[in-house]
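Read-outs: derived from the displayed coordinates by stated rules, not from any lab. Given the structure is predicted, the values throughout are model-derived calculations rather than measurements. Positions of Cβ are generated from backbone atoms using ideal geometry, with glycine treated the same way; all protein chains shown enter the neighbour counts.
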Amino acid sequence: MWEGKNIIFNEYGKIRFMFPSFLPKAVEQLTEPAAIALAQSVQLQAIATPLTNQPINTTYVHQGSGGVPILLIHGFDSSVLEFRRLLPLLAAENETWAVDLLGFGFTDRGADIQYSSTAIKTHLYYFWKTLINQPVILLGASMGGAAAIDFTLTYPEAVKQLVLIDSAGLQGGSLASKLMFPPLDYLASEFLRSPKVRDRICRAAYKSQELLLADSVDCAALHLQMPNWSKALIAFTKSGGYRAFKFKKIAEIMQPTLILWGDNDKILGTKDASRFKRAISHSQLIWIKDCGHIPHLEQPQITAEHILAFRS
């Protein structure tokens, strides 16, 4: 199972996996093979942007070769580990990237940056320009869908095709933004940090609870141990996050678009799937059956098959 992996044994003869030093120490507690393998492959690149005088140490995964590069964008308060089950399936047939957005995941959170959707878009552009610099198939899940829409509308030359998975973008920002003033901002972020809260969120995202493995919550919470996690989250939420795009604005997307949606999404519901289909002229909608908000984790095989079949 672990052939080709970089592993060592501790003094008790137990396997200990080698992980990048910039990841939190708790990464060693992961048990899901897909999570371990992806965490081992995370890389770090200093990305120069106009947002700050210092380059931003940005974490990403790059696997596979051939075809138009696929770039994966995770959801709110998440990381590249969100794609632990999907990315290897795509990379088996196509060059595939995943990146931790500014203010999220394991990417550095500098104190001098104004965290907002505009900053995220700018950072993502310079990541793309520095490491990829050719049109991509841009995939966004949940809030990552809103980020992908925003990026596509601003930098259409960088996006050949668009994939939206249970995407945000048609509903307004979180009500939590109204609570982001001292001391409620700290309390709100600590509430989100709570293991019980994160467990409830994870369970709500899945339809099939048996697919929620023992360390699924650990995968979703590992990045909380990064420096300035709370400050960046508060700042982003205060900024309003991603506000709802107007229907006519989304209609400006000219790229062929694949909309994948879990038919039992309890997080965003299912109505927006058809609304996206109506708004984007060159789009197709595929329902992922018996699936919740995260098809890429709950039904990765069929999700990958649809994405790979969509490539032009």
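A few notes on this one:
- All aspartates and glutamates inside 15 Å of residue 121 as judged from Cα atoms, apart from same-chain residues fewer than 8 positions distant: 100, 150, 157
- Proximal lysines to residue 196, defined as alpha-carbon separation beneath 27 angstrom and excluding residues fewer than eight positions away on the same chain: 25, 178, 207, 231, 238, 266
- Rounded to whole Å, sorted largest first: equivalent-ellipsoid semi-axes of the stretch 43-310, Cα gyration tensor: 25, 22, 19
- The convex hull around the C-alpha trace of the stretch 191-260, projected and averaged over every direction, spans 7.3 square nanometres.
- Shape of the stretch 201-312, Cα gyration tensor, a/c cut at 1.5: oblate
- Gained length - residue 309 relative to residue 93, 0.36 nm times residue gap less alpha-carbon distance: 76.7 nm
- Debye-sum result for the stretch 71-128 in log10 I(q)/I(0), which assumes one identical scatterer on each alpha carbon, at q = 0.13, 0.20 Å⁻¹: -0.36, -0.75
- Taking label positions 7 Å along the Cα-Cβ direction at both residue 118 and residue 157, the computed distance is 2.2 nm, reported to one decimal.
- The stretch 110-152 has equivalent-ellipsoid semi-axes of 18, 15, 7 Å, by the square roots of 5 times the alpha carbon gyration tensor eigenvalues, sorted largest first.
- Gap separating the Cα centres of the stretch 62-77 and the stretch 260-285, nearest whole Å: 21 Å
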